[in-house]
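The values are calculated or read from the model by the stated rules, or taken from the named source; none is laboratory data. Owing to the predicted nature of the structure, the values given are computational and were not obtained by experimental measurement. Cβ placement follows ideal geometry from the backbone for every residue including glycine, while neighbour counts extend to all protein chains displayed. What goes into the accessible areas is simple: the full protein's heavy atoms, side chains included, and nothing from ligands, DNA or RNA. Shrake-Rupley method; radii C 1.70, N 1.55, O 1.52, S 1.80 Å.
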Amino acid sequence: MVEITSRWVKVVNGDLLIDAYLAEPVAAGRYPAVIVFQEIFGVNAHIRDVTERIAREGYVAIAPAIYQRFAPGFETGYTAADIDLGRQYKNQTKAEELLSDTQATIAYLRGLETVDGDAIGTIGFCFGGHVAYLVAQLPDIKATASFYGAGITTMTPGGGLPTIEITPKIRGTLYAFFGDRDQSIPMEQVKQIETALRHHGIRHHVFVYPADHGFFCDQRDSYDAAAARDAWEQVKNLFNTVLRQQQ
């Protein structure tokens, strides 16, 4: 593990200033970068912890607030009321804005002396898992880790064709993680995703665990230590083999 530093920064996207949590190694050098996409609960303690964990593996990691336009500074816990509010904000997002904000985050990263701009990946959880799949179509994204992103086969933020339709545009490697007890993502949808990835020749791996939605988050009742531990090893393998290979 490497020593890191972390702080809040602003990512500029036109007139919008996006709050983002940045964590990076202290030692001088140029590192691959990973964009971390939040759950519906904002860039909360769990997402900041994940961002720091990635940085300790030798990456520059950044978690942009994807609700910045309508709920700046939002972060919350995991009660039923929190879930309802998080879903309300999720329903206000639009695919084109998520893509634009991601592109702005990539530009921010490339402006850092510590970042190798040719080695950029993403990781996302819950709604962020859907966002990670959506933005995998951007040519700058070399590696994607999408955790239990609901709705990939049925919708896209803001309306339009389901996000699965962008699968042919993916140029990088995509790992997807699901729990077989996840009520929000039937196994039939997981199979559809895997079929689309295979059909379009996308480098991928789909992992299914005997777990529920949110199994990676150690602050949720659905946390599954064994599944989370294995998934983390797979994520490290993805970023190590793909992003470091770009350097």
Discussion item. Can you give the local net charge around residue 48? Use residues other than it whose beta-carbon is closer than 15 angstrom to its beta-carbon, Lys and Arg +1, Asp and Glu -1.
Written reply: -4
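Please identify the trypsin sites (Lys or Arg not before Pro) of the range 1-60 that satisfy two criteria: DSSP loop assignment and at most 15 other Cβ atoms within 10 Å. Which are they? Write down the numbers at each step before the final one.
Numbers: sites: 7, 10, 30, 48, 53, 56; in loops: 30.
Qualifying residues, ordered by number: 30.
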Fill in: Rounded accessible area per residue of the range 62-146, 1.4 Å, Å²
35 Å²
Fill in: Accessible surface of the chain [probe 1.4 Å, protein heavy atoms]: carbon and sulfur percent
48 percent
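What is the range 164-247 by shape, rounded, prolate or oblate, if you read a ≥ b ≥ c off the alpha carbon gyration tensor as root eigenvalues and call it rounded for a/c under 1.5, prolate for a/b larger than b/c, and oblate otherwise? Don't skip to the end; give the middle numbers.
Working: a/c = 2.72, a/b = 1.24, b/c = 2.20.
Oblate, since a/c reaches 1.5 and b/c is not below a/b.
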Worksheet item: For a paramagnetic label modelled at 7 Å from the Cα of residue 12 toward its Cβ, which residues of the range 98-131 fall within the zone defined by backbone nitrogen distances under 11 Å?
Response: 108
Response to the item:
Once phi for every residue in the range 31-38 is put through the Karplus expression 6.51 cos²θ - 1.76 cosθ + 1.60 (θ = phi - 60°), the whole-Hz ³J(HN,Hα) values, with Gly and Pro written as x, are 10, x, 10, 10, 8, 9, 9, 5
Worksheet item: Can you give the longest stretch of the chain with no exposed loop site, where a site means GluC sites (Glu not before Pro) in a DSSP loop (not H, G, I, E or B) with at most 16 other C-beta atoms within 10 Å?
Response: 114-247
Worksheet, complete the sentence: With no solvent term and unit scatterers on the alpha-carbon positions of the chain, Debye gives log₁₀ I(q)/I(0) at q = 0.08, 0.10, 0.16, 0.18 Å⁻¹ of -0.26, -0.41, -1.17, -1.55
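State the extension gain, in nm to one decimal, for the chain segment bounded by residue 171 and residue 91, taking 0.36 nm per residue of separation less the distance between their alpha-carbons.
Numbers: separation 80, 0.36 × 80 = 28.80 nm, distance 2.77 nm.
Full extension of this stretch gives 26.0 nm more.
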Worksheet item: Which of these, 79, 173, 153, has the largest mean-square fluctuation under a Gaussian network model of the chain (Cα springs below 10 Å)?
Response: 79
Practice prompt. Tell me which residues come under 5 Å, amide H to amide H, from residue 179 once H is placed; ignore anything under 5 positions away on its chain.
Written response: 209
Worksheet item: Can you give the helix-only mean residue ellipticity at 222 nm for the chain, where every DSSP H stretch with n ≥ 4 adds -39500 (n - 2.57) and the sum goes over all residues, rounded to the nearest 500 deg cm²/dmol?
Response: -11000 deg cm²/dmol
Worksheet entry | Gaussian network model of the chain, springs between alpha carbon atoms under 10 Å - residue of 60, 131, 208 with greatest fluctuation | 208
Worksheet item: At a Förster radius of 30 Å, what calculated FRET efficiency corresponds to the Cβ-Cβ distance of residue 27 and residue 234, to the nearest 0.05?
Response: 0.70
